[in-house]
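See below for the structure under consideration.
FYI, it's all coordinate maths here, none of it is from the lab. Quick caveat: nothing in here was measured; it's all calculated off a predicted structure. Here Cβ is always computed from backbone atoms with ideal geometry, including for glycine, and neighbour counts include all displayed protein chains.
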Amino acid sequence: MKPDDPYSRVDYRRLVAWPERIEREWPFLSGVLGHSGRLLDLGSGTGEHSRFLASKGFEVVGIDSSPAMLAKAGDTPVPPNLAFVEGDLCEVERLTSGQFDGAICLGNTLPHVRDRRALDRFVAGLRARLRPGAPLVVQVLNYERVFEGGLRNLPLNFRRDDGEGEVVFLRLMTPRPDGTLVFTPSTLRYRPDGDPPLEVVATRNVPLVGWRRRELEETLEAGGFRRRDAYGTMADVPFEPGRSPDLVLVAR
C-alpha cells in the first residue's frame, strides 16, 4: 500500500449506505447516461457505482489513484464488462483507449485535483475520450455554501459494528481563505457502556480545493463542453448557491 494513500485508513465502503444511495441516484443517472455504451467512472473508489453500471449492461472503466480503494473494488470477481485502472484522473487520456459514451465523476472527487492547470488537463483528456455529445456528470459539495456559510462538518454516519457497538464516521472541514480546505475523515468506535465510550480508530487530513460552479464551468467551457446544466443534488432539482447540499453539473 502506498504510504501516502490518504484513504488507506478509512473504510469508505462502510461509510455510505450504497444500495440506498444508488437507488436514489439511478433515475437521474439513467436519464443522462441512457442504458448502454462505454462509461468512465472517474474516482471510482471502492467500485460501487462501477459495478452497478456494469450490472445494467454498460461497459465500464473505473479509474482511481488510491490502491486501498482499488483493492476493495476488486475484492470480489470483476465482471468482464468492468475494468479498474490505478492512476491520476488528469491522465485519463493516457490511461484509457478508444471512445466513451459518457463519464461520471461523483462523490466529491474533483476537489482532489489541486490546481487549475491540472483541472484543464483533466477536462482536455476527457474531451479526447468522449464521443461528441457524450455527457459528463460531475458531483461535488456545494462549496459556495461551505465557504460562505462557514460549514465545518458533514452529517455523521452510524453503522453497526458486529457486536462491538457502533462505527461513527466523522468528516470535518476547515476552509481556508485561498479556496482550499483541510478535510479530515475519521472513524470512531462508540460503545455507550464502554470505558472510554468513544475511541478514535483512524483519522487523516486530506487537502482539497473547493471548486465552485463558476470555476468549473469556465474550465468546461474552455475545454469544449458547451452544453451545461446545474442541479442541487442527483435529481432534477435546480442548484441554489446558498442552500443546495451539492453541485451537480451535466456537461456535453
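What is the helix-to-structure angle for 213-222, meaning the angle in degrees between its Cα long axis and the longest Cα principal axis of the chain, kept from 0 to 90 and rounded to the nearest 10?
30
What ranking do 49, 35, 112 get, fewest neighbouring Cβ atoms within 10 angstrom at the top?
Exposure proxy ranking, most exposed first: 35, 112, 49.
Based on DSSP, what percent of beta bridges with both residues in the chain are antiparallel, to the nearest 5?
65
Can you tell me the dipole magnitude for region 133-210 around its Cα centre, using point charges on the Cβ only (Lys, Arg +1; Asp, Glu -1), in Debye to the nearest 20?
For region 133-210, the charge dipole is close to 240 debye.
According to a simple spin-label model (label point 7 Å from Cα along Cα-to-Cβ), what is the distance in nm between residue 200 and residue 221?
Going by the 7 Å Cα→Cβ label model, 4.4 nm.
How far is helix 116-129 tilted off the main Cα axis of the chain, in degrees rounded to 10, range 0 to 90?
60
Is region 128-232 rounded, prolate or oblate when judged by the Cα gyration tensor, a ≥ b ≥ c being the square roots of its eigenvalues, rounded requiring a/c under 1.5 and prolate requiring a/b larger than b/c?
It is prolate, given that a/c is not under 1.5 and a/b is the larger ratio.
Work out how much length residue 153 to residue 78 would gain on full extension: take 0.36 nm times their residue separation and subtract the Cα-Cα distance, in nm to one decimal.
Going from the current span to full extension adds 23.5 nm.
So, R0 is 30 Å and r is the distance between the beta-carbons of residue 21 and residue 178; what FRET efficiency does that work out to, to 0.05?
0.40
What is the dipole size for the chain, taken about its Cα centre, with +1 at each Lys and Arg Cβ and -1 at each Asp and Glu Cβ, in debye to the nearest 20?
Rounded to the nearest 20 debye, it is 540 debye.
Please give the FRET efficiency for residue 229 paired with residue 131, using the beta carbon to beta carbon distance and R0 = 25 Å, rounded to the nearest 0.05.
0.85
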